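One structure, as structure tokens, below. Some questions next.
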Amino acid sequence: MYLGLLRVAAVVPKVNVADCEYNASQIIEATEKAAKCGAKVIVTPELGVTGYTCGDLFHQSTLLNAAESALLKILEATKHLDALLVVGAPLRCGGSVFNCAVAMKNGEFLGAVPKTYLPNYKEFYEKRWFASAVVLKHSHTSICGIKLRISPQLMFSHCQLKVAIELCEDLWTPIPPSSFASLAGANVILNLSASNEVIGKHNYLLSLVKQQSARCRAAYVYASSGFGESTTDLVFAGNAIIAENGRLLGEGERFSTIGTKLIADIDLELLENERITATSYADSLPFAPSFEEIPIEFGSTDHHDRKTLRPIPKHPFVPSDDRLLSDRCEEIINIQTEGLMRRLAHIHCSKLIVGVSGGLDSTLALLVAATAFDRLCLDRSGIVGITMPGFGTTGRTYNNALKLMNALGVTVKEIPIADAVRQHFSDIGHDINNHDITYENSQARERTQILMDYANKCGGIVLGTGDLSELALGWATYNGDHMSMYGVNAGVPKTLVKYLVRWFAVTGFSADPHAAGTLLDIVDTPISPELIPADEHGNIKQKTEDLVGPYELHDFFLYYVLRHGFAPAKILEICVKAFEGVYDRTYISRWLREFYRRFFQQQFKRSCLPDGPKVGSVSLSPRGDWRMPSDASAALWLAECDSL
């Protein structure tokens, strides 16, 4: 396995009903193709050796004997493949016929898993031909004289990989067998299916597969019968689906006449971390039945420069689909707005003070404030936007701040800070020409003092503007912009802020092109605290990303550190792949180390954060998602970074 990833395949070969020799050859061919693509676990459809639609032929010894011979042929033909192969076939045991999934690897039958729930309604008549695993009394059966284990509670294991199997209808029951298998440790569930196609069923099937993978915190690999099954009364579309922890990793082409092959890389480490984090999973373990583990071995593989089939987006907080992104933006704005509305209503406050810089974060906060006031039926004049030009303020940000406030109809107030900061420098004996941290933070604290005092003066509260990415890096002045009465952007990463502002420009200001243009210009403005004087041309000289690194990298790191608990080595590898052609390994490694250094060093700022709403799966609130000592050592993480 590479980076904790396991390559799996759901293949749907062509089938010819009751022609076991033909079906075996198709399974062999499809399996070899999947194995050549690096698949280590391969699942095929239910009763694929015979065809699902054989009907009463399942009671013919000729068919049952041919099925065993076909299994032997598949075993021999695939013994050189370094993959666990699972195929569907009818097997006799103890005077009954069972609908089984047969697992094999390297020329050995590993075991057979019989189907537990047999559908016997509408178009299904399985109880006419098969017995349920519930009535199974024997522990072994045979295929052409070869003895093998038969049980619904078999698990095939290799290191952290634990594979369990269920068949078709098992998934559709109130408590699928895979639920118990996952509690017993299974992290990959295979489903051999023969689900026919009717209107609307496919979408329901997708939801079942995704939801079961989510509930089990497992990967779910599903292969269903396709072209060649009898169409006397039914049509089979050949569904191939792979999901992981509620997320669809891939879906094969349906109604293919040449068969379907779906391959994906699943992340076993991610699944393990999900189970560790969700304590309710551990609470359910007392309900786990005992499973018999059958060990399997995989050969060593050269993973050098291996291409993963797993999509690794550069911006994990930002959906790649435009429609989904728009929906996500609307939902986030609703969460932010609802949070602010509740705070204002609780304290009976109709005055809100916002420091407006003309940058992304203060723009988003002001837009959310205006939305909240509208929904509370409050006059927007109760929002006081204060612009506080200082030594580094540029004409671009200053003018954008004024344009935005005027467009929104909020109360505009300008309070320059230069004179007050000069007096402060004189008071503490600081040289104004020394543009050090004191020079910068004195301005940030002066601005916060103005906002706090003005809020006292008018009976309002200060709305915080800092975002999630700044909280992760500690990119805020302690007791300066670090503090507010409500941090409305606290759950929004920097890479998402600009999309939210752009969403407002497109959806909220379509009738006001000038205001929309202002918002779009703010989106395009370099990110800066503007605490250092502008250059000789009046442009922003102090660019945040030149100092702390690209926010798109830090947001990538943040997501995988907090959401999945990955180690630096894994984060580096997947980041290199995600940003291939954009940043090289050395550059990414440099900023990854800086991320960990700042993340640990700046925890003390997060330990006393203002209230603010969580909007996504990642949050840094000390009262919720992230509880870490302010003096925790980063030595382990930095040492790993240094070794990369």
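The values are calculated or read from the model by the stated rules, or taken from the named source; none is laboratory data. Since we're looking at a predicted model, the values are computed, not measured. Virtual Cβ from ideal backbone geometry, glycine too; neighbours counted across all protein chains shown.
Could you please find all residues in the range 595-644 being among the acidic types (Asp, Glu) and over 23 Å from the mean Cα position of the chain (by Cα)? Write out each step before concluding.
Within the range 595-644, the first condition is being among the acidic types (Asp, Glu), and the residues that meet it are 611, 625, 631, 640, 642.
ASP611, ASP631, GLU640, ASP642 - these are the residues of the range 595-644 that are among the acidic types (Asp, Glu) and over 23 Å from the mean Cα position of the chain (by Cα).
For the condition out of contact with any Phe, Trp or Tyr (no Cβ under 9 Å at 6 or more places or on another chain) and not basic (Lys, Arg), what is the one hit in LEU324, LEU367? Steps first, answer last, please.
Details: LEU367 fails: out of contact with any Phe, Trp or Tyr (no Cβ under 9 Å at 6 or more places or on another chain).
None of the others qualify; the one that does is LEU324.
Go through the range 195-289 and tell me which strands (runs of 3 or more DSSP E), entirely inside it, have 2 or more residues that are crowded, with 22+ Cβ neighbours inside 10 Å.
Details: elements: 219-224, 240-244, 247-251, 260-267.
Fully inside the range 195-289 and qualifying: 219-224, 240-244, 260-267.
Answer with yes or no whether PHE504 is within 25 Å of LEU636 (Cβ to Cβ) and assigned by TED's automatic domain parsing to the domain that holds GLY358.
Working: within 25 Å of LEU636 (Cβ to Cβ): no; assigned by TED's automatic domain parsing to the domain that holds GLY358: yes.
Here the answer is no, as PHE504 does not meet what is asked.
Tell me, which residue of the range 1-26 that is of a type in the set (A, V, I, L, M, F, W, C) and assigned to a strand (DSSP E or B) is farthest from HIS158 (Cα to Cα)?
First, pick out the residues of the range 1-26 that are of a type in the set (A, V, I, L, M, F, W, C): 1, 3, 5-6, 8-12, 15, 17-18, 20, 24.
Subsequent filtering for residues that are assigned to a strand (DSSP E or B) retains 5-6, 8-12.
Details: LEU5: 13, LEU6: 11, VAL8: 14, ALA9: 17, ALA10: 20, VAL11: 22, VAL12: 25 Å.
Top of the filtered list is VAL12.
Rundown of residues vs (1) within 15 Å of GLY491 (Cα to Cα); (2) of a type outside the set (Phe, Trp, Tyr); (3) at pLDDT 95 or above, yes/no style:
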{"residue": "ARG598", "(1), (2), (3)": "no, yes, yes"}
{"residue": "ASP611", "(1), (2), (3)": "yes, yes, yes"}
{"residue": "VAL618", "(1), (2), (3)": "yes, yes, no"}
{"residue": "SER630", "(1), (2), (3)": "no, yes, yes"}
{"residue": "LEU644", "(1), (2), (3)": "no, yes, no"}
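Shifting gears a bit: Mind listing whichever residues of the range 84-107 are out of contact with any His (no Cβ under 9 Å at 6 or more places or on another chain) and of a type in the set (S, T, N, Q)? Give the derivation first.
Step one: list which residues in the range 84-107 are out of contact with any His (no Cβ under 9 Å at 6 or more places or on another chain), which gives 85-92, 95-96, 98-105.
Within the range 84-107, SER96, ASN99 qualify.
Additional query: Determine which member of the set LEU85, LEU110 is assigned to a strand (DSSP E or B) and either among the aromatic types (Phe, Trp, Tyr) or under 16 Å from ALA24 (Cα atoms) (or both).
Working: LEU110 fails: either among the aromatic types (Phe, Trp, Tyr) or under 16 Å from ALA24 (Cα atoms) (or both).
Testing whether each residue is assigned to a strand (DSSP E or B) and either among the aromatic types (Phe, Trp, Tyr) or under 16 Å from ALA24 (Cα atoms) (or both) leaves just LEU85.
Taking the condition part of a loop (DSSP other than H, G, I, E, B) and either on the phi > 0 side of the Ramachandran plot or in the same structural domain as ILE417 (by TED's automatic domain parsing) (or both), does SER326 pass? Explain how you work it out, then say what you get.
On the way: part of a loop (DSSP other than H, G, I, E, B): no; either on the phi > 0 side of the Ramachandran plot or in the same structural domain as ILE417 (by TED's automatic domain parsing) (or both): yes.
Here the answer is no, as SER326 does not meet what is asked.
Would you tally the residues in the range 608-644 being surrounded by 14 or more Cβ atoms within 10 Å (Cβ to Cβ) and assigned to a loop (DSSP other than H, G, I, E, B)? Let's see the steps before the verdict.
Looking only at the range 608-644, we keep the residues that are surrounded by 14 or more Cβ atoms within 10 Å (Cβ to Cβ), and these are 609-616, 618-622, 625-626, 630, 634, 637-638, 640-641, 644.
Then drop every residue that is not assigned to a loop (DSSP other than H, G, I, E, B), which leaves 609-616, 618-622, 625-626, 630, 634, 644.
Total satisfying the criteria: 18.
Related question: Report yes if GLU29 is acidic (Asp, Glu), part of a helix (DSSP H, G or I) and under 21 Å from TYR222 (Cβ atoms), otherwise no.
Values: acidic (Asp, Glu): yes; part of a helix (DSSP H, G or I): yes; under 21 Å from TYR222 (Cβ atoms): yes.
Judged against the criteria, GLU29 is a match.
Continuing with the same structure: Could you check the range 389-491 for helices (runs of 4 or more DSSP H) lying wholly inside it with 1 or more residues that are farther than 23 Å from HIS554 by Cβ and basic (Lys, Arg)? First the steps, then the outcome.
On the way: elements: 395-408, 418-428, 437-458, 468-473.
Result: 395-408, 418-428, 437-458.
Would you check which residues across the range 533-578 are crowded, with 17+ Cβ neighbours inside 10 Å, within 23 Å of ASP467 (Cα to Cα) and more than 17 Å from the chain's Cα centre (by Cα) and list them?
ILE540, LYS541, GLN542, THR544, VAL548, GLY549, PRO550, TYR551 - these are the residues of the range 533-578 that are crowded, with 17+ Cβ neighbours inside 10 Å, within 23 Å of ASP467 (Cα to Cα) and more than 17 Å from the chain's Cα centre (by Cα).
TYR478 is checked against (1) of a type in the set (Phe, Trp, Tyr); (2) surrounded by 17 or more Cβ atoms within 10 Å (Cβ to Cβ); (3) out of contact with any Gly (no Cβ under 7 Å at 6 or more places or on another chain) and fails just one. What number does that condition carry?
All conditions are met except number (2).
Suppose we filter the range 120-139 for residues that are in contact (Cβ under 8 Å) with a residue 40 or more places away in the chain, of a type outside the set (A, V, I, L, M, F, W, C) and closer than 11 Å to SER151 by Cα; how many remain?
Counting residues in the range 120-139 that are in contact (Cβ under 8 Å) with a residue 40 or more places away in the chain, of a type outside the set (A, V, I, L, M, F, W, C) and closer than 11 Å to SER151 by Cα gives 2.
Moving on to the next point. Which members of the range 52-82 meet the condition of being of a type in the set (S, T, N, Q) and part of a loop (DSSP other than H, G, I, E, B)? Spell out how you get there, then give the answer.
Within the range 52-82, the subset of a type in the set (S, T, N, Q) is 53, 60-62, 65, 69, 78.
Within the range 52-82, GLN60, THR78 qualify.
Name the one entry in ALA39, ALA89 that is touching a helix residue (DSSP H, G or I) at 6+ places or on another chain (Cβ under 6 Å) and either crowded, with 20+ Cβ neighbours inside 10 Å or of a type outside the set (Phe, Trp, Tyr) (or both).
Working: ALA39 fails: touching a helix residue (DSSP H, G or I) at 6+ places or on another chain (Cβ under 6 Å).
Being touching a helix residue (DSSP H, G or I) at 6+ places or on another chain (Cβ under 6 Å) and either crowded, with 20+ Cβ neighbours inside 10 Å or of a type outside the set (Phe, Trp, Tyr) (or both) holds for just one of ALA39, ALA89, which is ALA89.
Scanning for something out of contact with any Phe, Trp or Tyr (no Cβ under 9 Å at 6 or more places or on another chain) and within 19 Å of LYS261 (Cβ to Cβ), does the range 62-70 turn up at least one residue?
no
How many residues does the range 337-363 hold that are farther than 27 Å from PRO389 by Cα, assigned to a helix (DSSP H, G or I) and not β-branched (Val, Ile, Thr)? So that I can check it myself, show each step before the final result.
The first filter runs over the range 337-363 and keeps only residues farther than 27 Å from PRO389 by Cα, leaving 337-339, 341-349.
Filter once more, keeping what is assigned to a helix (DSSP H, G or I): 337-339, 341-346.
Next, from what is left, pick out any that are not β-branched (Val, Ile, Thr): 338-339, 341-346.
The qualifying residues number 8.
Filter the range 362-393 down to residues that are in contact (Cβ under 8 Å) with a residue 60 or more places away in the chain and within 28 Å of GLN423 (Cβ to Cβ), then give me how many there are.
Number of matching residues: 8.
What are the pairs, 6+ residues apart or on separate chains, where a residue within the range 85-113 that is closer than 15 Å to SER157 by Cβ and at pLDDT 95 or above has its Cβ under 9 Å from a residue that is charged (D, E, K, R) and part of a strand (DSSP E or B)?
From residues that are closer than 15 Å to SER157 by Cβ and at pLDDT 95 or above, the pairs are LEU110/ARG149; GLY111/ARG149; GLY111/GLU292; VAL113/GLU166.
Residue check: is THR465 crowded, with 24+ Cβ neighbours inside 10 Å and in contact (Cβ under 8 Å) with a residue 60 or more places away in the chain?
Answer is yes for this residue.
Residue-by-condition table, conditions (1) touching a Lys or Arg at 6+ places or on another chain (Cβ under 7 Å); (2) surrounded by 15 or more Cβ atoms within 10 Å (Cβ to Cβ):
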position	(1), (2)
LYS137	no, no
MET155	yes, yes
LYS162	no, yes
PRO174	no, no
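Then there's this: Considering (1) of a type in the set (A, V, I, L, M, F, W, C); (2) in contact with a helix residue (DSSP H, G or I) (Cβ under 6 Å, 6 or more places away or on another chain); (3) touching a residue at least 60 places away in the same chain (Cβ under 8 Å), say which one VAL576 fails and leave the rest.
Answer for VAL576: the failing condition is (3).
Follow-up. Would you check which residues across the range 362-386 are of a type outside the set (A, V, I, L, M) and buried (at least 24 other Cβ atoms within 10 Å of the Cβ) and list them? Please lay out each step first, then the result.
Of all residues in the range 362-386, those of a type outside the set (A, V, I, L, M) come to 362-363, 371, 373-375, 377, 379-382, 385.
Those that are of a type outside the set (A, V, I, L, M) and buried (at least 24 other Cβ atoms within 10 Å of the Cβ): SER362, THR363, PHE373, GLY385.
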